[in-house]
1. Full extension from Arg13 to Glu57: what is 0.36 nm times the residue separation minus their Cα-Cα distance, to one decimal in nm?
2. Starting from the Cα of Lys32, draw a straight line to each of the aspartates and glutamates and keep only those under 20 Å, dropping any in the same chain fewer than 8 residues away.
3. Leaving ligands, DNA and RNA out of it, rank Trp42, Trp12, Trp56 by accessible area with a 1.4 Å probe, largest first.
4. From the phi of every residue in the stretch 50-62, what ³J(HN,Hα) in whole Hz does the Karplus formula 6.51 cos²θ - 1.76 cosθ + 1.60 yield, where θ is phi - 60° and glycine or proline is x?
5. Treating the beta-carbon of each Lys and Arg as +1 and of each Asp and Glu as -1, no other charges, what is the dipole magnitude of the chain about its Cα centre, to the nearest 20 debye?
6. Rank these by accessible area, largest first, 1.4 Å probe: Thr6, Thr54.
7. What are the ³J(HN,Hα) values, in whole Hz, obtained from phi via the Karplus relation 6.51 cos²θ - 1.76 cosθ + 1.60 with θ = phi - 60°, for each residue of the stretch 84-90 in sequence order, with x given for Gly and Pro?
8. Kindly provide the helix-only [θ] at 222 nm of the chain, computed as the sum of -39,500 (n - 2.57) over DSSP H runs of four or more divided by all residues, to the nearest 500 deg cm²/dmol?
Amino acid sequence: MELEFTGEIIYWRGPSPFHYVPVPPEESAAIKAVSAEVTYGWGVIPVLVTIGDTEWETSLFPKDGRYLVPVKDNVRKAELLDLGDTVTVRMVLGGP
């Protein structure tokens, strides 16, 4: 499954502080519908993500009925992104 959406970069200070882009409710519901087919445990889903010209492999994390896309520091630096910026996220569930 391939998805594309726009979202704001947020910072979550949970057990693993990181920058994320929350997946919108409609796209999160579509992911949840196929999650059993692509998860590798405890709801984490591998994905291939592209923002701008940068592509990387990561995992979606479930949170509050939605999913979060982790945005690594090297991605933010390469794309000149900061907290609060709005980005277009393209991703392929299940990884490459």
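1. Numbers: separation 44, 0.36 × 44 = 15.84 nm, distance 2.18 nm.
Length difference between fully extended and current span is 13.7 nm.
2. Here the aspartates and glutamates satisfying the reach criterion relative to Lys32 are Glu2, Glu4, Glu57, Asp64.
3. Working: Trp42 200, Trp12 90, Trp56 20 Å².
Greatest to least solvent exposure: Trp42, Trp12, Trp56.
4. After applying 6.51 cos²θ - 1.76 cosθ + 1.60, I find 10, 10, x, 9, 9, 10, 7, 9, 7, 9, 6, 10, x Hz.
5. Details: 8 positive and 14 negative charges, 73 e Å.
Dipole size: approximately 360 debye.
6. On the way: Thr6 80, Thr54 30 Å².
Sorted descending by solvent-accessible area, the residues read Thr6, Thr54.
7. 3J(HN,Hα) across the stretch 84-90, in whole Hz: x, 5, 9, 10, 9, 10, 10.
8. On the way: 2 runs with 20 residues, N = 96.
Mean residue ellipticity, 222 nm, calculated: -6000 deg cm²/dmol.
The values are calculated or read from the model by the stated rules, or taken from the named source; none is laboratory data. All values derive from a computational prediction rather than experimental measurement. Methodologically, a virtual Cβ is constructed for each residue, glycine included, from the backbone with ideal geometry; neighbour enumeration extends over all protein chains shown. Surface accessibility is based on the protein's heavy atoms, side chains included, excluding ligands, DNA and RNA. Shrake-Rupley method; radii C 1.70, N 1.55, O 1.52, S 1.80 Å.
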